[in-house]
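Novice: Sharing a structure below in structure tokens format, with a few things to ask.
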Amino acid sequence: PHLAALVLARGGSKGIPLKNIKLLAGVPLIGWVLRAAIDAGVFHSIWVSTDHDEIEKVAKQFGAQVHRRSPEVSQDSSTSLEAITEFLNHHHEVDIVGNIQATSPCLHPSDLVKVADLIQKEGFDSVFSVVRRHQFRWSEVKKGENKMTEPQNLNPAKRYRRQDWPGELYENGSFYFAKRHLIEKGYLQGGKMAYYEMRAEHSVDIDIDIDWPIAEQRVLSFGYFGKEPLKEVKLLVCSIDGCLTNGRIYVTEDHKEMVSYDYRDIVGIDLLKKRGIQVRLISDRDCSKTLSAMQLGCVAKVSATNKLQVLKDWQEDMGLSWKEVAYLGNEESDVECLKQAGMSAVPADACAAAQKAAGYICKSRGGCGAVREFAEHIFLLLEKVNSARKQ
């Protein structure tokens, strides 16, 4: 049976404009679930259903196919079931739909693999995600009603301790898998049903109960970053023009060049050095005089006609794996380096090709704090590495 992953991502959002592609921890929100779906390796096709050009662009960057949904199922009042049904009407090859919510950025491939087994090998018609919560419920008393609240799932005289109570299962909205025949009858849940219990730390729903800054911290702690485990970064290579500087060159009347940089970036470089991370600089033009004036104390390679070869030479000389190398670039000449490095980033104003190749897109522009921002991102990920080691 053809199992298709389908992420519904319309352009309209009452809360956050274009929320589905807003950067969360340096990655478009929809990118987190697409990465998990692709790496799960269980889907015959992976789709994003959208009505917006920018969302289509991001979806394709992450390797998904795009179904352009009609205006009729792109309204505020449109339901997920209507959008999924329309998708199936255009894709008769699909037998099972795994509807994955874009707002669940802590989804891991291992969850999707297990759910695919439930519906493909164990014969369930629908499977949906739940999370276990230990919350006591009370009946609602509306204003003006002359009655008292009543306990719903506890005896106040004998309150459970958390460790003595198994809790209750709640839908967390991460995904809903269903077979075609069920959806065509108007159901996402039905037939032979099963739930899949997700770990609480992976159960993040931005739509319901979490705001952006908290979500970023949760994703950095519990999100899925790729098939290979993160390693401690030992080397950061930074492109000079457009990253350390804003890319502008000022020329005086006597033909001398001047550039500007942000002091926050210099602080970021110092912080990296104090953490034992080497910082090296690279440029495809000769800016040696500028570097000398900046007095950064970093190894640098200017007039680099092949940045990737320079990066490989440094990596080999230091005896590092690629997972221990980070790269900050902004131009097409940086693309191969961004793809090769274990951790990569670009400033907010980097070219489209560089943005597509990077793992993290800074909120700051080049020469305006991007180096410092990427340094702080590296520190947060190093905390994740150290936490994993302790576990």
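For every residue, the table says whether it meets (1) touching a strand residue (DSSP E or B) at 6+ places or on another chain (Cβ under 9 Å); (2) touching a residue at least 60 places away in the same chain (Cβ under 8 Å); (3) aromatic (Phe, Trp, Tyr).
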| residue | (1), (2), (3) |
| --- | --- |
| Leu6 | yes, yes, no |
| Gly12 | no, yes, no |
| Ile16 | no, yes, no |
| Leu24 | no, yes, no |
| Val27 | yes, yes, no |
| Gly41 | no, yes, no |
| Trp47 | yes, no, yes |
| Thr50 | yes, no, no |
| Asp53 | no, no, no |
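Novice: Okay, moving on. Only residues that are in contact with a helix residue (DSSP H, G or I) (Cβ under 8 Å, 6 or more places away or on another chain) and either free of Cβ contacts under 8 Å to residues at least 40 places away in the same chain or surrounded by fewer than 22 Cβ atoms within 10 Å (Cβ to Cβ) (or both): list them for segment 112-130, please.
Specialist: Val113, Ala116, Phe124, Asp125
Novice: Being out of contact with any Pro (no Cβ under 9 Å at 6 or more places or on another chain), more than 24 Å from Glu122 (Cα to Cα), among the polar types (S, T, N, Q) and buried (at least 18 other Cβ atoms within 10 Å of the Cβ) narrows it down to one residue among Ser174, Ser203; which is it?
Specialist: Only one candidate passes the filter, namely Ser203.
Novice: What are the pairs, 6+ residues apart or on separate chains, where a residue within segment 148-161 that is part of a loop (DSSP other than H, G, I, E, B) has its Cβ under 7 Å from a residue that is among the small types (Gly, Ala, Ser) and open to solvent by less than 100 Å² (accessible area, probe 1.4 Å)?
Specialist: Thr149/Ser139; Glu150/Ser139; Gln152/Ser139
Novice: I would also like to ask the following. For residues in segment 18-32 being modelled with pLDDT of 85 or more and under 8 Å from the mean Cα position of the chain (by Cα), which is surrounded by the fewest Cβ atoms within 10 Å (Cβ to Cβ)?
Specialist: Leu23
Novice: Of these, Val335, Val299, Val346, which one is touching a helix residue (DSSP H, G or I) at 6+ places or on another chain (Cβ under 9 Å), among the hydrophobic types (A, V, I, L, M, F, W, C) and within 13 Å of Leu235 (Cα to Cα)? Give the derivation first.
Specialist: Values: Val335 fails: within 13 Å of Leu235 (Cα to Cα); Val346 fails: within 13 Å of Leu235 (Cα to Cα).
Result: Val299 is the single residue among Val335, Val299, Val346 that is touching a helix residue (DSSP H, G or I) at 6+ places or on another chain (Cβ under 9 Å), among the hydrophobic types (A, V, I, L, M, F, W, C) and within 13 Å of Leu235 (Cα to Cα).
Novice: OK, next. Which residue, of Tyr250, Tyr261, is touching a residue at least 24 places away in the same chain (Cβ under 8 Å), assigned by the TED database to the domain that holds Leu381, touching a strand residue (DSSP E or B) at 6+ places or on another chain (Cβ under 9 Å) and hydroxyl-bearing (Ser, Thr, Tyr)?
Specialist: Of Tyr250, Tyr261, the one residue that is touching a residue at least 24 places away in the same chain (Cβ under 8 Å), assigned by the TED database to the domain that holds Leu381, touching a strand residue (DSSP E or B) at 6+ places or on another chain (Cβ under 9 Å) and hydroxyl-bearing (Ser, Thr, Tyr) is Tyr261.
Novice: Given the criterion open to solvent by less than 40 Å² (accessible area, probe 1.4 Å), outside the structural domain of Cys106 (by the TED database), closer than 20 Å to Asp265 by Cβ and touching a Ser or Thr at 6+ places or on another chain (Cβ under 8 Å), identify the matching residue among Ala357, Ala370.
Specialist: One residue alone meets the criteria, Ala370.
Novice: Sort out which residues of segment 246-264 are modelled with pLDDT under 80, over 22 Å from Glu331 (Cβ atoms) and not basic (Lys, Arg), and write them in order of number.
Specialist: Within segment 246-264, Thr252, Glu253, Asp254, His255 meet the criteria.
Novice: Let me ask you something else. What's the total number of residues in segment 232-269 that are of a type outside the set (A, V, I, L, M, F, W, C) and open to solvent by 70 Å² or more (accessible area, probe 1.4 Å)? Lay out the reasoning, then the answer.
Specialist: Pass one, segment 232-269, residues of a type outside the set (A, V, I, L, M, F, W, C): 232, 234, 239, 241-242, 245-248, 250, 252-257, 260-265, 268.
Filter once more, so that each one left must be open to solvent by 70 Å² or more (accessible area, probe 1.4 Å): 234, 248, 250, 253-257, 261, 263-264.
The total comes to 11.
Novice: Considering only residues that are assigned to a helix (DSSP H, G or I), of a type in the set (S, T, N, Q) and open to solvent by 70 Å² or more (accessible area, probe 1.4 Å), which ones fall in segment 305-320?
Specialist: Gln309
Novice: In segment 1-38, which residue that is of a type outside the set (A, V, I, L, M) and touching a His at 6+ places or on another chain (Cβ under 9 Å) is nearest to Asp205 (Cα to Cα)?
Specialist: Restricting to residues being of a type outside the set (A, V, I, L, M) and touching a His at 6+ places or on another chain (Cβ under 9 Å), the top hit is Asn20.
Novice: Now for a different question. Any idea which residue in segment 51-77 is nearest to the chain's Cα centre (by Cα), counting only those that are small (Gly, Ala, Ser) and surrounded by fewer than 19 Cβ atoms within 10 Å (Cβ to Cβ)?
Specialist: Checking each candidate, the answer is Gly63.
The values are calculated or read from the model by the stated rules, or taken from the named source; none is laboratory data. This structure is a prediction, so every number in the text was calculated from the model and none was measured. Neighbour counts run over all protein chains shown; Cβ positions are idealised from the backbone, glycine included. Side chains are part of the model used for accessible areas, which takes the heavy atoms of the whole protein and leaves out ligands, DNA and RNA. Shrake-Rupley method; radii C 1.70, N 1.55, O 1.52, S 1.80 Å.
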